[in-house]
Structures are given as structure tokens and as C-alpha cells.
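A.B. asks: Handing you this structure, nothing more for now.
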Amino acid sequence: MRDVKQIHLGAHFPSMGQHVAAWLHPDAQIDAGQNVSYFMKLAQSAERACFDFVFMADAVATRDGNMDALSRWPQYMAHFEPITLMSATAAVTRHIGLVCTASTSYYEPFNVARLFGSLDHISGGRAGWNVVTTANPSASFNFGREAHYDVEERYARAREFVAVVKGLWDSWDDDAFLRDRVSGRYFHPDAVHRLDHKGQFYTVRGPINLARPPQGYPVIAQAGASEDGMDLGAETGEVIFFSQSRIEGARAFYANVKCRTGKFGRTPDDIKMMAGLNPTVGRTRAEAQDKFEQMQSLVHPDVGRELLSVELGGADLSGLDINEILPEDRVPVTTNVSRSRLKAMAEMARRENLTLKQLYERYAGTRGSYSVVGTPTDIADVMEEWVATEASDGFIIQASYLPGGFDDFATMVVPELQRRGLMRSAYSATTLRGHMGLNRPASRYAR
Ligand SMILES: Cc1cc2nc3c(=O)[nH]c(=O)nc-3n(C[C@H](O)[C@H](O)[C@H](O)COP(=O)(O)O)c2cc1C
């Protein structure tokens, strides 16, 4: 391989696909959210294509809103719990990293440390935890609360939560378990540590009942984009997922997050920035454009309006014609859902004076990420430019529909990236940290 910066790739598999109308595509796997063999095959094809990892997002609630519209948009309505799914996937894959989401607002640190620690052992060092504070406010009603935590508290809890989880992963020194029948000693008594954490939100004694994970800590991924979110990413994230619809925005976000690492005693290289990318691949540009337009034609206007309402942090868009310009008085000033998403969409609407229909069509397949429609060469050119000019270190591939949209990418674009020397053709490492070029953290108790 030439000495050029390698592109990291994650495959995001949101059930039927990233597009709001994915399930209506005639070739989409219609029961994807709960079809285990289908997911295994997707993960195996990502592994054949030498991806760094597969990623499964999550929510701990169904979505509430206009049920009539939601009945046409099944995302998160029938959806496997992802850590369970990743454990099963570990058994049918050998190399690929397994990254999924768990919420710091609605889980306990002890549970999360055990779950991801176990996944790391089960997979031989391939686990990653996407730390989210949970955007969907409905989650609160499933956990004994009458309202979602506000943004500031969510991020303050998340910071403490991650620190506790890491502390628990250090409970046992790497060489703690002797398992020595001759001496009759199973573990070294000095090699186990109580955390004794008493903080603002959590009190956790420890130790955890699990040996230190093979990677030391499973890889920490993060996707916050608000001020608090970027700080959490800079402090704790090793892989940052982000959505930017333009390369200029991506470069600014990349620099912004990497610059923040200094104040947390870290360096920019400690973080790999992974941009969401929604590719539509064709053997010719015309074929790609046809595929793109076929997907767009499947969006029901009620779903489009509902999508905008979610992205605008719960805006009330009822009664509006989809062909009118988004009225300023319907754009919330702030939100407790996702401030960065509200800001991004409101700015796009204002900048380009878009109608509701134009706006939801922009978001239907991308959810604010970059969309590229073209030949394998076109798509590889874009990816190469983004990585060469510090707009990203890699991409989360979010195909509009699955499995076909992903297979197009894996069979047409990946070989082009490999030909250019931008991507591996075989795995050389055995852990997710190895694939991503991330160091294995030493235990805080290491001598
Ligand atoms: C690739 C990607 C994956 C994400 N996965 C999840 C997820 O699984 N669950 C979730 O609640 N939010 C998820 N998010 C949303 C982020 O966690 C976060 O809420 C969002 O980026 C807004 O950040 P902010 O709250 O700091 O404004 C994801 C975002 C991106 C870009």
C-alpha cells in the first residue's frame, strides 16, 4: 500500500436503511429490525469488505408523535436490543468491530461496564460503546420519570457515567486471574480494586465481576454535536460520529472537536472523526440518479412533515402545506431534544429558502449527513477529498436501503478505494483498537 492516510469505515445498519422510506423499496428486507440472520449476513458482508466496524444505533423508546404518520415510518418501532444482537454477531464474525449504543441517561454504569466488557471478551476485543445521552424524550416515561433530563444535566451525568464505567473496567489488573491449581490460588488478592465512587449522580463501590476487557476499555464512540456534546466527545470519545451536509461544515466541526482535546489533556490523534455518508452508487451517473429518485419518490408527505418536526426538536408543523416555505415562527428557539440538529436544519432552511418538501427531501436519506450520488469513482473522489483535507478521518456508511444499497457500496466503491491504496484489503489487526489505530489504555492501577 502507498503511504497515504487510510480511510476508516463503519457500516451503520439501521434496519431497512437510513432513508425514511427504506422499507418501501421493493428489495429492502421488510422485517429487518428483528431478523437476526439478515443482520448476521450484513455484518459478514461488511467484514468481507474489510470495514473497521459495524454500528447499531438505539433508542430506549418507540417514537411518539403523529401515529398516523409514524405508522408509515417504522424506525425504532420493532428493533433488537443492540448489545444482545452484537453478542450474536460476534459468534459469526472474526475480525470486524462491533459498536452499538447505550444511553447514559437511562442505564446504570455498572450494567454498561458489564455489558460492553462482556461483549469485548465474547468478541476477542472487538467491542465499542456509542455513548449517547438519548435524544428521544419519550425514553423518560419508561424509566420512572415524568420528563427527560435537560441537556446540561444529561451531559453532566454522561461525563460522570463514562468515568465510572472506565473505573469499573479497571477493577481487575490485566494479570489478576492466576487460575493456578498448583498454588490453589484463582486470583491475586492485590490485583482487584474497589472503585468506591461517590459523585454528583452515581455511587458505585465496585469491583465489577468481570476480568479486564481484552482492549483494556472497549472503544468509546460519541456523537454529540452541541457545545456540551463536543466537549464530551473531546474528553472521552475515541471515535466521533458526526453529520455534516457540506465539506466546509465538516472541516470546521473536525477542527473544533480536535482543538478541544487539549483542555482535557488529550491530543487530536486520540480521536478518529467519522462522518455520516449516504452513498447512492450506480455503474453510471444516470443509473445512480435513477436509484436516488426512486427512493425520494417513496416519501409520504406526512412522514416528511413528521421527520422535519423531529429534526426541529419537536416543532409543530401541522396545517402547513408542504410546498410553502418553512415559516420562521414554527422554528423553536431552543429544544431539549437535540440543539445541534435544530440549528443545522433551521440554518439550511433559512440559507436556501426551502419549502417543507424540499427540506424533508434533503433529510429523507441523510438525516443531515453528506449525500453523494454517482459512480464508484465519483464517490471515492469525495471520500478521498474529505480525508485528505481534514474534513474527516473516515465514514459511517449509511445506505438508503438495505441490503442492496450497502452491497452496491461494498462491491463497487470499496474495490476502488483499495485500488487507490486508501483502504485495507485484508485485516492486519485482531481488535477494534488495532483496526482504528487506537492505543490500548493502561489500567489506572498499572505499576
Ligand atoms: C452516526 C450517528 C449515530 C447516532 N446514534 C445515536 C443513537 O444510537 N441513539 C441516540 O439517541 N442518538 C444517536 N445519535 C445522536 C447523537 O447522540 C446526538 O444526540 C446528536 O448528534 C445531537 O447532539 P447534541 O445532543 O449534542 O446536540 C447519533 C448521531 C450520529 C451522527
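A.B. asks: Which Cα, out of 300, 148, 229, lies furthest along the positive dipole direction of the chain (beta carbon charges, K/R +1, D/E -1)?
C.D. replies: Of 300, 148, 229, it is 229.
A.B. asks: So, for segment 329-410, what is the accessible surface per residue at a probe of 1.4 Å, expressed in square angstrom? Write down the numbers at each step before the final one.
C.D. replies: Numbers: 3050 Å² over 82 residues.
That works out to 37 Å² for each residue.
A.B. asks: If you take the square roots of the eigenvalues of the alpha-carbon gyration tensor of segment 92-205 and sort them as a ≥ b ≥ c, do you get rounded (a/c under 1.5), prolate (a/b over b/c) or oblate? Please report the intermediate quantities before stating the final value.
C.D. replies: Details: a/c = 3.10, a/b = 1.65, b/c = 1.87.
Taking the square roots of the gyration eigenvalues as a ≥ b ≥ c, segment 92-205 is oblate.
A.B. asks: What spacing in nm lies between the two simple spin-label points modelled at residue 270 and residue 407, each 7 Å away from Cα in the Cβ direction?
C.D. replies: My value for the distance between the label points is 4.3 nm.
A.B. asks: Please give the charge dipole size of segment 125-195, origin at the Cα centre, charges +1 on K and R Cβ atoms and -1 on D and E Cβ atoms. Round to the nearest 20 debye. Present the calculation step by step, with values, prior to reporting the outcome.
C.D. replies: Numbers: 10 positive and 11 negative charges, 52 e Å.
It works out to roughly 240 debye.
A.B. asks: Please get the size of the charge dipole for segment 151-236, origin at its Cα centre, with Cβ charges of +1 on Lys and Arg and -1 on Asp and Glu, quoted in debye to the nearest 20.
C.D. replies: 500 debye
A.B. asks: Out of the total accessible area of segment 1-108 (probe 1.4 Å, heavy atoms of protein only), what percent is carbon and sulfur?
C.D. replies: On the way: 2280 of 4280 Å².
With neighbouring chains kept in place, the figure for segment 1-108 is 53 percent.
A.B. asks: Going by alpha carbons, how many degrees (0 to 90, nearest 10) lie between the helix axis of 82-91 and the longest principal axis of the chain?
C.D. replies: Taking the Cα atoms of the chain, the angle to 82-91 is about 70 degrees.
A.B. asks: Additional query: Using 7 Å Cα-to-Cβ label points, what is the residue 203/residue 321 separation (nm, one decimal)?
C.D. replies: Distance between label points: 6.1 nm.
A.B. asks: From the square roots a ≥ b ≥ c of the eigenvalues of the alpha-carbon gyration tensor of the chain, which class results: rounded (a/c under 1.5), prolate (a/b over b/c), or oblate? Intermediate results must be reported in sequence, preceding the final value.
C.D. replies: On the way: a/c = 1.76, a/b = 1.37, b/c = 1.28.
In terms of gyration-tensor shape, prolate.
A.B. asks: Still on this structure, I have one more. Under 1.5 on a/c is rounded, so check that first for segment 334-447, then, if it is not, pick prolate when a/b is larger than b/c and oblate when it is not; a ≥ b ≥ c are the square roots of the alpha carbon gyration tensor eigenvalues.
C.D. replies: Numbers: a/c = 2.40, a/b = 1.33, b/c = 1.80.
It is oblate, given that a/c is not under 1.5 and a/b is not larger than b/c.
A.B. asks: Ok, one more. How much of the accessible area of segment 129-207, probe 1.4 Å, is carbon plus sulfur, in whole percent? Write down the numbers at each step before the final one.
C.D. replies: Values: 2010 of 4280 Å².
C and S fraction of accessible area: 47 percent.
A.B. asks: Please report, in debye to the nearest 20, how large the charge dipole of the chain is about its Cα centre when each Lys and Arg carries +1 at its beta carbon and each Asp and Glu carries -1 there. Intermediate values should be presented prior to the final figure.
C.D. replies: Numbers: 48 positive and 54 negative charges, 288 e Å.
For the chain, the charge dipole is close to 1380 debye.
A.B. asks: Further, regarding this structure: Taking a spot 7 Å from the Cα of residue 296 along the direction of its beta carbon, which residues of segment 352-376 have an amide N less than 18 Å from it?
C.D. replies: 352-375
A.B. asks: Then there is this: For the chain, what does the helix formula give at 222 nm: sum of -39500 (n - 2.57) over DSSP H segments with n ≥ 4, over the residue count, nearest 500 deg cm²/dmol? Mind dumping the intermediate values first?
C.D. replies: Details: 15 runs with 159 residues, N = 447.
One gets -10500 deg cm²/dmol as the mean residue ellipticity at 222 nm.
A.B. asks: Mind giving me the FRET efficiency for residue 77 and residue 445? R0 is 60 Å, r the Cβ-Cβ distance, nearest 0.05 is fine.
C.D. replies: Working: r = 45 Å, r/R0 = 0.74.
Once rounded, the FRET efficiency stands at 0.85.
A.B. asks: Using the Cα centre of the chain as origin and beta-carbon charges of +1 (Lys, Arg) and -1 (Asp, Glu), tell me which of 366, 98, 195 is placed farthest towards the positive end of the dipole.
C.D. replies: So the residue we want is 195.
A.B. asks: Rounded to whole Å, give me the distance from the Cα center of segment 180-242 to that of segment 281-348.
C.D. replies: 38 Å
A.B. asks: Can you tell me the order of 411-423, 194-206, 385-397 when each peptide is scored by its average per-residue count of other Cβ atoms within 10 angstrom, highest first? Intermediate results must be reported in sequence, preceding the final value.
C.D. replies: Values: 411-423: 18.6, 194-206: 14.0, 385-397: 21.1.
Listed from highest to lowest mean packing, they are 385-397, 411-423, 194-206.
A.B. asks: For a quick check of your reading of the filter: which trypsin sites (Lys or Arg not before Pro) in segment 154-183 sit in a DSSP loop and have no more than 11 other Cβ atoms within 10 Å?
C.D. replies: Numbers: sites: 154, 157, 159, 166, 179, 181; in loops: 181.
Those that pass, being in a loop and sparsely packed, are 181.
A.B. asks: Also, quick follow-up: Accessible area of segment 354-429 with a 1.4 Å probe: how many percent of it is carbon plus sulfur? Can you show the working numbers first?
C.D. replies: Details: 1090 of 2370 Å².
On segment 354-429, the fraction of accessible area on carbon and sulfur atoms equals 46 percent.
A.B. asks: Would you be so kind as to identify which of 239, 113, 282 lies farthest towards the positive end of the dipole of the chain, taking Lys and Arg as +1 and Asp and Glu as -1 on Cβ and the Cα centre as origin?
C.D. replies: Most positive-ward Cα: 113.
A.B. asks: What FRET efficiency, computed as 1/(1 + (r/R0)^6) with R0 = 30 Å and r the Cβ-Cβ distance, is obtained for residue 27 and residue 385, rounded to the nearest 0.05?
C.D. replies: Values: r = 30 Å, r/R0 = 1.02.
The computed FRET efficiency comes out at 0.50.
The values are calculated or read from the model by the stated rules, or taken from the named source; none is laboratory data. This is a predicted model, so every value here is computed, not measured. Cβ coordinates were reconstructed from backbone atoms using ideal geometry, including for glycine residues, and neighbour counts include every protein chain displayed. Ligands, DNA and RNA are excluded from the accessible area calculation, which covers all protein heavy atoms including side chains. Shrake-Rupley method; radii C 1.70, N 1.55, O 1.52, S 1.80 Å.
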